[in-house]
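Everything on this sheet refers to the single structure shown next.
Here, each number is a calculation from the coordinates, and none is a lab measurement. What you see is a predicted model, and the numbers here were worked out from it, not measured in a lab. Cβ: placed from backbone, ideal geometry, glycine included. Neighbour counts: every protein chain shown.
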There are 2 protein chains.
Amino acid sequence: MVTLVEVARHAGVSASTVSYVLSGKRPISDLTRRRVRDSIEQLGYQPHAGARALASSRSRIIALMVPLRTDMYVPVMLEIAVAVATAARAHGYDVLLLTGEEGPAALRRVTGSGLAEAVILMDVQLDDERLPVLRAAGPPSVLVGLPGDPSGLSCVDLDFAAAGALCVEHLAGLGHREIAVIGEAPGVYARHTGFAERTLRGLRDRAAELGAGLLHRPCEGGHAAVAGVLARVFDERPGVSAFVVQNETAVEPLLALLRRTGRAVPEDVSVVAVCPEPVAAQASVPLTSVAIPAQELGRRAVERLVTGLSARPGDIGPRGGGPADGGPGAGASPAPGVELLAPVLTIRDSSGPAPAGRGGVRS
Amino acid sequence: MVTLVEVARHAGVSASTVSYVLSGKRPISDLTRRRVRDSIEQLGYQPHAGARALASSRSRIIALMVPLRTDMYVPVMLEIAVAVATAARAHGYDVLLLTGEEGPAALRRVTGSGLAEAVILMDVQLDDERLPVLRAAGPPSVLVGLPGDPSGLSCVDLDFAAAGALCVEHLAGLGHREIAVIGEAPGVYARHTGFAERTLRGLRDRAAELGAGLLHRPCEGGHAAVAGVLARVFDERPGVSAFVVQNETAVEPLLALLRRTGRAVPEDVSVVAVCPEPVAAQASVPLTSVAIPAQELGRRAVERLVTGLSARPGDIGPRGGGPADGGPGAGASPAPGVELLAPVLTIRDSSGPAPAGRGGVRS
DNA sequence: CTGAAAGCGCTAACAG
DNA sequence: CTGTTAGCGCTTTCAG
């Protein structure tokens, strides 16, 4: 392996000069810089990651914790993960992939060993067991998702409450008075996953404001489950003229079942989804939907992290520094606070005016 | 940060003893071992990853390269990635997530810098540009997937050719004489992705052997695309009584369209899929299918890698380093060779005897 | 069975 | 603008 010292020798300079050429942390004459760069090139030099991490206490690695269970939102998860990796690279960071399996211990491990200098958490739950680790002088971190108590934490997420409200507004504006919500699998709610509950709150609150009826039903994925839920919905509320779906695996079954039971979309029934764009656009009826901006979420998470990280050397936080910081996690955390991306509703072919006979257009 | 020296002091032993307690590379008396372990516990000691990597030339990190484009097989990809991460942890390794974006350069980077000591490649193409890097004294590596020329490389994959053959056998056994294949998006074939072509070959070969007609059509995801393909299929070959689908996003649209055009599954038309189990099981008609064993693939890949890696001494030569020191890939690669997992066909509700009037039961 | 000590390759004060 | 020099924390000879 070719080392920095060899490069220095080859270029006729000292080791530190090579180091500084690489880091740009002090002025270097053009001539020297060129010489060093040439030597690096010729020798095919690559700095040793471990040595760097040891000497600088910076590993340039961000740990990304993805959920172990892949029972939901799988495409979104991968898309976020890839976006995180891509954005991280753009800032000179690499990404370490952690599964939820080890739980909080994994965070302690990668962080305590200096393997990763920061973490991004996906699939955050309302009362997430990993959060205490982050709060207690933990490593710089950003959550993709919103826990019950985000105080002292940095979070990025879609504003699911607003997304829910937006769906209801759209449907109410079209005259729908009875709306049914096909939600995530019961397990998702049981785990108290923030986004599902927030969406529901947004839906309910706006429905109440607008005087529309709202019926919510969790739903496992797959055709059979959707069939069951759908039957019960129409049984309980025959006047339902619109659906909001937040469950990727329920989208096609729902459309198929509506079709089969003789309900045309959007003439008889409107459908609005909260899902990734491709799912909505490629559905058998292109769906009016609120997109889940996976790429954007990943990118933002990394950016929050990196802006904090780069303001590093032994200095107090650049802005709004927390209380006394002295623990091992003295690294500059990103500014705490919640960043909610505004939802965007795209109108496609699945939503239309409420049928006159059913819900009754509001006068 | 608490260091090994502090642990040593606390336990009243030397630094090397602590190190050896940790590595188990030399006999330690029970008493000493217990004392050291206690100190480690009490002080909450965690070895510094960078220092370790530097001193031992082993980072205990495996790089996993996932495809950048997430246009296909997304759930499978994530499942494999998670399986890799989980299996790696079980062997004491962590996983670095690389996207295809940087291409071969990423491999050189993480490998040349000692960041990762081995790599796993997903979504391998027939003539993959990353392979030269691996062949030329590259790092220990395993491919999930099969390139055109796997010589000198270690690969794990489902035996897609056998999977294809299996599908045809099953259908032919049920009396179907005209089979249509709904394949991956044209882009997948254009990129010469191995698995798609191998499946096709398996399908064609066995169909020829059994004297069945086979019509193959690549297909973009989504309802509209499938509708177009389907129409043309029945136009060209009205006698088609069975479908093989290898495209997750085409499964539901296909079923919906068959239904809508009055073809009952499996009474009029049989459908067999090559896809992950959940997709097949949750379809609107539970599908007879050949599973893609994502977990197994991830696990095997890691195991191949690790068995090679552990048979590797700490480092190469004595100090005073000789100049002739192989490239970065001086490590022990896993035994080259291709490991193909045997496909398993699970019969569900979507396949049945060919209708008498259509394809004509073989006498 | 245990200690002492020499680095691994790099960064970041200190000196010019 | 550049060089010298301590380490960063750990592994691994070499001695005992």
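Before rounding to the nearest 500, sum -39500 (n - 2.57) across all DSSP H runs of length at least 4 in the protein assembly as shown and divide by the residue total; then give [θ] at 222 nm in deg cm²/dmol.
Result for the protein assembly as shown, helices only: -13000 deg cm²/dmol.
Got the relative contact order for the stretch B:198-302 handy, in percent, Cα pairs under 8 Å and 6 or more residues apart?
Normalised by residue count, the contact order of the stretch B:198-302 is 19 percent.
Eigenvalues of the Cα gyration tensor times 5, then square-rooted: what semi-axes does that give for the protein assembly as shown, in whole angstrom, largest first?
Semi-axes, largest first: 49, 34, 22 Å.
Apply the Debye scattering formula to the stretch B:188-288, with a single equal point scatterer on each alpha-carbon and no solvent, then give log10 I(q)/I(0) at q = 0.13 Å⁻¹.
-0.46
If one puts a single equal scatterer on every Cα of the stretch B:4-56 and applies the Debye formula without solvent, what log₁₀ I(q)/I(0) results at q = 0.14, 0.24, 0.29 Å⁻¹?
Values, matching the q order: -0.32, -0.91, -1.21.
Taking each residue in A:93-102, count the Cβ atoms of any other chain within 10 Å of its Cβ, then average. What number comes out?
Per residue, the number of nearby Cβ atoms from other chains is 6 on average.
So the label point sits 7 Å from Cα along the Cα-to-Cβ vector; using that for B:T261, what distances do you get to the other copies, in nanometres, sorted shortest first?
2.7
If you average the alpha carbon positions of the stretch B:242-303 and of the stretch B:13-92, how far apart do those two centres end up, in angstrom?
Using only Cα atoms to place each centre, the spacing works out to 39 Å.
List the distances, in nm and shortest first, from the label point of A:K25 to the matching label points in every other copy, placing each point 7 Å from Cα along the Cα-to-Cβ direction.
Result for A:K25, in nm, nearest copy first: 2.9.
Please work out the Cα convex hull volume for chain A and give it in Å³ per residue.
Normalising the Cα hull of chain A by residue number yields 164 Å³.
Restricting to the protein assembly as shown, compute how many DSSP beta bridges are antiparallel as a %, nearest 5.
10
Run the dipole for chain B about the Cα centre, Lys and Arg Cβ at +1, Asp and Glu Cβ at -1, nothing else charged, and hand back the magnitude in debye, nearest 20.
960
Give the range of the longest stretch in chain A that excludes all trypsin sites (Lys or Arg not before Pro) found in loop regions by DSSP and having at most 10 other beta-carbon atoms within 10 Å.
Segment A:26-318 is the longest.
Hey, any idea what the orientation-averaged projected area of the convex hull of the stretch A:132-242's Cα atoms comes to, in nm²?
8.2
In Å³ and rounded to a whole number, note down the convex hull volume per residue for the Cα atoms of the stretch B:23-123.
120
How high is the relative contact order of the stretch A:4-56, in percent, counting Cα pairs under 8 Å that sit 6 or more residues apart?
36
Give the angle, between 0 and 90 degrees and rounded to the nearest 10, that separates the Cα long axis of helix B:30-43 from the longest principal axis of the Cα atoms of chain B.
Tilt relative to chain B: about 70 degrees.
What is the distance in Å between the Cα centres of the stretch A:133-201 and the stretch B:203-228?
The distance from the Cα centre of the stretch A:133-201 to that of the stretch B:203-228 comes to 42 Å.
Give the residue list of GluC sites (Glu not before Pro) in the stretch A:254-313 that are DSSP loop and have at most 10 other beta-carbon atoms within 10 angstrom.
Those satisfying the criteria are A:E267.
Can you put A:E209, A:E102, B:E117, A:E220 in order of Cβ neighbours within 10 angstrom, beginning with the fewest?
By the 10 Å Cβ count, ascending, the order reads A:E209, A:E102, A:E220, B:E117.
Report, for B:V5, each distance to the same residue's label point in the other copies, shortest first and in nm; define the point 7 Å along Cα→Cβ.
Inter-copy label distances (nm, one decimal, shortest first): 2.0.
Which whole-number percentage describes the relative contact order of chain A, with Cα contacts under 8 Å and a sequence gap of 6 or more?
For chain A, the relative contact order is 19 percent.
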